[in-house]
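The values are calculated or read from the model by the stated rules, or taken from the named source; none is laboratory data. None of the values given here were measured: they were computed from a predicted structure. Here the Cβ positions follow ideal geometry from the backbone for every residue, glycine too, while neighbour counts run over all protein chains shown. In case anyone asks, the SASA skips ligands and DNA or RNA and just uses the protein heavy atoms, side chains included. Shrake-Rupley method; radii C 1.70, N 1.55, O 1.52, S 1.80 Å.
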Amino acid sequence: MALIGWIISAAALLGGLALRQDMPFSHAYEIANGLLFAAFLTCPAFWADAPFGITAKPRIMACLAMVLALPLVLLRP
């Protein structure tokens with residue numbers, strides 16, 4: 001599970017930083033913030049001691065749910 005957390009964390013961090021630099025489309029700022037939050041949420045080094053009592057599996061599953069719900073953010077009402 002830690003390997004999945006590191007992979008998602010690195011990908012989300014790089015994606016969020018790339019969107020912050022380029023911002024090529026609308027709502028890129030919100031998506032960049034979401035990606036940076038996902039990187040924070042899944043980073044195993046930060047959460048090694050479980051400071052808030054949250055283990056790795058729920059955090060990584062929440063991050064995957066955020067990534068899969070991304071099309072809902074992009075759709076306009």
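Per the conditions (1) free of Cβ contacts under 8 Å to residues at least 40 places away in the same chain; (2) in contact with a Gly (Cβ under 8 Å, 6 or more places away or on another chain), the sole criterion not satisfied by ILE60 is (1). Summed over the stretch 1-17, the residues that are open to solvent by 70 Å² or more (accessible area, probe 1.4 Å) and among the β-branched types (Val, Ile, Thr) give a count of 2. Looking across LEU3, LEU36, LEU17, LEU13, one residue alone is part of a helix (DSSP H, G or I), over 13 Å from the mean Cα position of the chain (by Cα) and either hydroxyl-bearing (Ser, Thr, Tyr) or on the phi < 0 side of the Ramachandran plot (or both). It is LEU3.
Considering the stretch 18-46 alone, what residues qualify as being without any contact (Cβ under 8 Å) to a residue 40 or more places away in the chain, more than 16 Å from LEU68 (Cα to Cα) and open to solvent by less than 60 Å² (accessible area, probe 1.4 Å)? Don't jump to the end; show me each part of the working.
Just the residues of the stretch 18-46 that are without any contact (Cβ under 8 Å) to a residue 40 or more places away in the chain, to begin with: 18-26, 28-29, 32-43, 45-46.
When the remaining residues are screened for being more than 16 Å from LEU68 (Cα to Cα), the result is 18-26, 28-29, 40, 43, 45-46.
Within the stretch 18-46, ALA18, LEU19, ALA28, CYS43 qualify.
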